[in-house]
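A.B. asks: Got a structure for you, questions after.
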Ligand SMILES: Nc1ncnc2c1ncn2[C@@H]1O[C@H](COP(=O)(O)OP(=O)(O)OP(=O)(O)O)[C@@H](O)[C@H]1O
Ligand SMILES: [Mg+2]
């Protein structure tokens, strides 16, 4: 596997740095299509922050979270027994006793067990608030709290939707107490739409789009790995500027073949999906109601991409639209109200398959 260096993202980094340089007032939602480099950007940025600015990075992906207990386990980095001596010093002042590497919010084991037993998510939040306050009062820059892959807990209920409790907590940390910079990243554009229309968050958050690279950035990225002009053209034609996809090509010895293979896979996935719709009408819940998805509505949305790369998010059949977004074929950007395929490969596959439906 080749070692791939972090590339560009100058504008996004500038924007995040400006946020970090000011007092925390809003939650920042980092969103963008799948594999566009949200997590990579966050990780890269975290590495470049000064030692004094503490970052708590919690990645929900790959963590099995179906209830409160599991959520709490992910949120905290439980101190091991052997660190117990240091933990006694924990609250005086907290900043000096943190271990060098951790990901969740550090917590002594006994306190964790207590919170864990009482099953009250608000207790956990009070604890986190106390930790963050200790940082702020130590006179350092406000800590940074990042929750990545927020989509994992999208539907999780803990006496009501957990996500709303989290949002309320984030509002408290930013707008009300100015204790921490809060970033929440997700590739679930429907979740962002929900956030967008959520009155509770109105005026309390900002959005930062991390999209696929543009052509110049893509060409410069591939140039670093010795791509010829022809290979760059193939990469752009098949993968567009999707970093995840470009990395695959960089690692492949036969770029042309690898690109075509990726498209073949997408085409067969799409054909399979359309075939599935011949037999089933999937159910989609929007708000309180459940709707059936009709194949003809799905096809009619996809047909719009025969001559367009992106379309207006208006007048489309809503269940079919939600289905295509949930299935990661389309991406909706609520900030500008447009819908586009999740990737160039998706666009090509749609054009290939839909012409024959
Ligand atoms: N700026 C970049 N420079 C180099 N490689 C990158 C860059 N951005 C992303 N990548 C690579 O592309 C792949 C996908 O990136 P990443 O996982 O960050 O995407 P993501 O948007 O977080 O995906 P998801 O939507 O699944 O959460 C990774 O292999 C990553 O290393
Ligand atoms: Mg990610």
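A.B. asks: Can you tell me which of (1) closer than 29 Å to residue 227 by Cβ; (2) more than 14 Å from ligand 2 (Cβ to nearest atom); (3) crowded, with 18+ Cβ neighbours inside 10 Å is the one residue 41 doesn't meet?
C.D. replies: Here residue 41 clears every test but (2).
A.B. asks: Which one of 75, 49, 41 is under 25 Å from residue 244 (Cα atoms) and at pLDDT below 90?
C.D. replies: 49 is the lone residue from the list that is under 25 Å from residue 244 (Cα atoms) and at pLDDT below 90.
A.B. asks: Kindly indicate whether residue 23 is in the same structural domain as residue 186 (by TED's automatic domain parsing), in a loop (DSSP other than H, G, I, E, B) and more than 6 Å from ligand 1 (Cβ to nearest atom).
C.D. replies: Answer is yes for this residue.
A.B. asks: Given the criterion within 19 Å of the chain's Cα centre (by Cα) and modelled with pLDDT under 95, identify the matching residue among 36, 66.
C.D. replies: On inspection, the qualifying residue turns out to be 66.
A.B. asks: Scan 148, 188 and give me the residue that is without any contact (Cβ under 8 Å) to a residue 40 or more places away in the chain and touching a strand residue (DSSP E or B) at 6+ places or on another chain (Cβ under 9 Å).
C.D. replies: Result of the check over 148, 188: 188.
A.B. asks: When you scan segment 257-267, do you find a residue that is buried (at least 19 other Cβ atoms within 10 Å of the Cβ) and free of Cβ contacts under 8 Å to residues at least 40 places away in the same chain, even just one?
C.D. replies: yes
The values are calculated or read from the model by the stated rules, or taken from the named source; none is laboratory data. In this text the structure is predicted, and so the values were computed from the model without any measurement. Heads up, the Cβs are rebuilt from the backbone with ideal geometry, glycines too, and the neighbour counts pull from every protein chain shown.
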